[in-house]
Amino acid sequence: MRSMSATASRQDAGIRDVRKLPVPIPPSDEQLAIVQRLDELLATADRVANRIDEVGRLVERSSQLVLERAFHGNLTGPNGRNEG
C-alpha cells in the first residue's frame with residue numbers, strides 16, 4: 001500500500017488500494033449469532049441506562065426531601081434529636 005501524502009492523487013491511490021483489500025465475511029450462521037449477541041448486549045445497555053436514570057431521579061428526589069426537611073427544621077438523628 002502506498003503511503004499517504006498531502007496531494008489528492010496520492011490519497012486517491014491509497015483509497016483504491018484499500019478498496020482492493022479482501023474483507024473476510026463470516027458465514028451466515030455466525031453473522032446471525034453475532035447479531036443476536038449484539039441485540040442482547042444492547043438490550044442490557046438499555047436496561048442499565050434506564051436504571052441509572054431511575055437512580056438519578058431517586059437521588060434528586062431524596063436531595064429535595066432533605067433540603068425541604070432542613071428548611072423546616074425537621075432533620076433529626078436516630079434518637080429523635082437534631083443533628084449538628
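Read-outs throughout are calculated quantities, based only on the coordinates presented, and are distinct from any laboratory measurement. For clarity, every value in this text was computed on a predicted model and none was experimentally measured. Glycine gets a Cβ as well: all are built from the backbone with ideal geometry, and neighbour counts include every protein chain shown.
List of remarks:
- Eigen-decomposition of the gyration tensor built on the alpha-carbon atoms of the range 26-84 gives equivalent ellipsoid semi-axes of 50, 10, 5 angstrom, largest listed first.
- Extreme residue, positive dipole direction of the range 26-84, given options Leu32, Ala43, Ser62 (C-beta unit charges): Ser62
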